[in-house]
Amino acid sequence: MSFKQETILTQLGNRVDVETGAVSAPIHMSTAYRHQTLGESTGFDYTRTKNPTRLILEEAIAELEGGVAGFACSSGLAALQLVFSLFKSGDHLIVANHLYGGTYRLLEHFEQQYDLEISYLDFDHLSDVSAAIRTETKAILLETPTNPLLTEIDIEAVSKITEENGLLLIVDNTFYTPYLQQPLALGADIVVHSATKYLGGHNDVLAGLTIVKSESIAEKLAELHNNIGATLSPFDAWLLMRGMKTLPVRIKQQQENAQTLVKFLSNHPCVGQVFYPGKGGMLSFRLKDKNWVKPFLQELKLISFAESLGGVESFITFPTTQTHADIPEAERLALGIDDTLLRFSVGIEAVEDLITDLKTSFAKLK
Ligand SMILES: Cc1ncc(COP(=O)(O)O)c(C=O)c1O
């Protein structure tokens, strides 16, 4: 029987423990597994390699994303590190230039330390992307919608380029999750998540997931996952699954709230521009004066000024000094991430209360 995402997510972990009938997945903390005799194994030997609790999560995310295997890592960046470890010195990657600052920082490290070559490109013009491909090019990496300006990149169109040229297409699906977008079905080869965000949903677990479409890449990643060792702990795997059960209801509420807030912000005299991709719970906006940023953030009583996203609580982030602080200023400004831009991760609070909080802060600005 094949189920819809809502059902797969809600039932995550139920029916795995046949012996007791536990509805919530058991947390297997054991790091080692006993063998009956030489050459015999239950399939579990050592937790870094494979853990029963982590496996439930890995199989579920593979199913949700339509892949053959999933790998649970200790953070979103560890999930990206795992993927970047597929490449060797001299390999060339094309990366969409609107990128989470931490991913940019990790790529810089791979560039400087391991001689990976990276070209950051604007994906508004896909002919530029095709033109940048050379014999050493191995993969294209993108986030969609982009962070923080929330522009959508056409995964299917990019996948035509990667297919024609024998490249891997890697998509960071953190902002939409498989509930709103399934990149593998659109032609991507690898999907990465900071599960710390929407999948976890409660700002209490740091986790990353990598999902792949092909068995051969799955084999390589399984080896690297074990060799690098940045695997997700059994408790965190359980906590993440506990959060994922409610993903659809959270996203629906976040999206409804975000759409109401887009209307409110678009009509507010203190706001210059609003960015929203039409779905999901993320939006960004510019204040009309950069000197308003500090007092505005300071006056917020309900919405937290904090650097993360996707949780049930509303957060506002200032990309200039937070998520994108490591991007050189000139590049940051050229990307449109200026000192008036604020990113809003809309929570599931009563939207009227969020509006009151914003109104009160705006009222202090003039
Ligand atoms: C789009 C995106 N990818 C990856 C990451 C890194 O994930 P983590 O913080 O879980 O390491 C983040 C973190 O903010 C992110 O926003």
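The values are calculated or read from the model by the stated rules, or taken from the named source; none is laboratory data. Computed from a predicted model, the values in this text were never measured in an experiment. Here Cβ is always computed from backbone atoms with ideal geometry, including for glycine, and neighbour counts include all displayed protein chains.
Is there a residue in region 297-312 that is touching a residue at least 24 places away in the same chain (Cβ under 8 Å), in contact with a Gly (Cβ under 9 Å, 6 or more places away or on another chain) and not aliphatic (A, V, I, L, M)?
yes
Looking at 63, 59, which is the one that is part of a helix (DSSP H, G or I), in contact (Cβ under 8 Å) with a residue 12 or more places away in the chain and away from the ligand (no atom under 15 Å from the Cβ)?
The match here is 63.
Listed here are the residues, each with its yes/no results for (1) closer than 21 Å to residue 270 by Cβ; (2) of a type in the set (D, E, K, R).
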{"site": "313", "(1), (2)": "no, yes"}
{"site": "320", "(1), (2)": "yes, no"}
{"site": "328", "(1), (2)": "no, no"}
{"site": "339", "(1), (2)": "yes, yes"}
{"site": "360", "(1), (2)": "yes, no"}
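With respect to the numbered conditions (1) small (Gly, Ala, Ser); (2) without any contact (Cβ under 8 Å) to a residue 40 or more places away in the chain; (3) over 20 Å from residue 223 (Cα atoms), which one is the sole condition not fulfilled by residue 89?
(3)
Test residue 286 against the criterion of being within 23 Å of residue 259 (Cα to Cα), of a type in the set (D, E, K, R), within 15 Å of the ligand (Cβ to nearest atom) and at pLDDT 95 or above, and give yes or no.
Here the answer is no, as residue 286 does not meet what is asked.
Condition first: under 19 Å from residue 206 (Cβ atoms), touching a helix residue (DSSP H, G or I) at 6+ places or on another chain (Cβ under 6 Å) and surrounded by 22 or more Cβ atoms within 10 Å (Cβ to Cβ). Now tell me which residues in region 62-79 satisfy that.
70, 71, 72, 73
What pairs can you find where one residue is in region 179-197 and closer than 20 Å to residue 232 by Cβ, the other is among the charged types (D, E, K, R) and away from the ligand (no atom under 13 Å from the Cβ), and their Cβ atoms are less than 8 Å apart, with a gap of 6+ or different chains?
Listed by first residue and then by second, the contacts come to 190/213; 191/65.
Could you tell me which residue of region 39-53 is nearest to residue 223 (Cα to Cα), considering only residues that are touching a His at 6+ places or on another chain (Cβ under 8 Å) and outside any loop (DSSP other than H, G, I, E, B)?
52
Do we find that residue 336 is under 20 Å from the mean Cα position of the chain (by Cα) and either under 18 Å from residue 275 (Cα atoms) or in a loop (DSSP other than H, G, I, E, B) (or both) in this structure?
No; evaluated as a whole, the condition is false for this residue.
Being touching a strand residue (DSSP E or B) at 6+ places or on another chain (Cβ under 9 Å) and either of a type in the set (Gly, Ala, Ser) or away from the ligand (no atom under 13 Å from the Cβ) (or both) is the filter here, so list the residues in region 184-199 that pass it.
Scanning region 184-199 gives 184, 186, 187, 188, 189, 190, 194, 195.
Quick check: anything in region 322-330 β-branched (Val, Ile, Thr) and either within 16 Å of the ligand (Cβ to nearest atom) or modelled with pLDDT under 95 (or both)?
So far as region 322-330 goes, yes, one or more of its residues are β-branched (Val, Ile, Thr) and either within 16 Å of the ligand (Cβ to nearest atom) or modelled with pLDDT under 95 (or both).
Name the single residue that is surrounded by the most Cβ atoms within 10 Å (Cβ to Cβ) among those in region 331-354 being away from the ligand (no atom under 14 Å from the Cβ) and either closer than 12 Å to residue 197 by Cβ or charged (D, E, K, R) (or both).
332
Say whether the condition of being aromatic (Phe, Trp, Tyr) and more than 27 Å from the chain's Cα centre (by Cα) is met by at least one residue in region 293-302.
Yes: one or more hits.
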